[in-house]
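See structure below.
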Amino acid sequence: MRLLIILSLLISIFLLSSCESVQNKIDEKTEEENELLQVYINKHVDEAFIGFGQPTSDKKNIKGIREVAFEEKKLFGVKCIRVFTVDNSNIITGFKSTGCF
């Protein structure tokens, strides 16, 4: 009985540390993605076209702000979507990214 409790405890500790390790990797990849996209801030939107190819959508959102989206499939079919907000002068003012880690 005591062995079973100790074994359960060890397995629990292993699983929790594995989850923390996965979260650390996700955080690291997210930071890398943000650093990559940060380079495009205050650049002409054509720079994003050069870096990511043709956008999958280029439209104005509900607030009238232009959003240019680039989509690609990553490992295991996960969709990576990068959306840049663009002002009236075609300058990138912001970004958001989902599934790109």
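Read the figures in this text as sums done on the coordinates, not as results from a lab. Everything quoted here is computed from the prediction, not taken from an experiment. Cβ sites come from the backbone with ideal geometry, for glycine too, and all protein chains shown count toward neighbours.
Worth pointing out:
- Length gained when the stretch residue 65-residue 32 is fully extended (0.36 nm per residue, less Cα-Cα span): 9.3 nm
- Around residue 58: net Lys/Arg minus Asp/Glu count, Cβ-Cβ under 11 Å: +2
- Segment 43-65 residues near the modelled residue 72 label - backbone nitrogen below 11 Å, point 7 Å along Cα→Cβ: 51-54
- Extension gain, residue 42 back to residue 80 (0.36 nm per residue minus Cα-Cα distance, nm): 11.4 nm
- Lysines whose Cα lies under 24 Å from that of residue 63, excluding same-chain neighbours fewer than 8 positions away: 43, 96
- Volume per residue of the C-alpha convex hull in segment 22-101, rounded to whole Å³: 95 Å³
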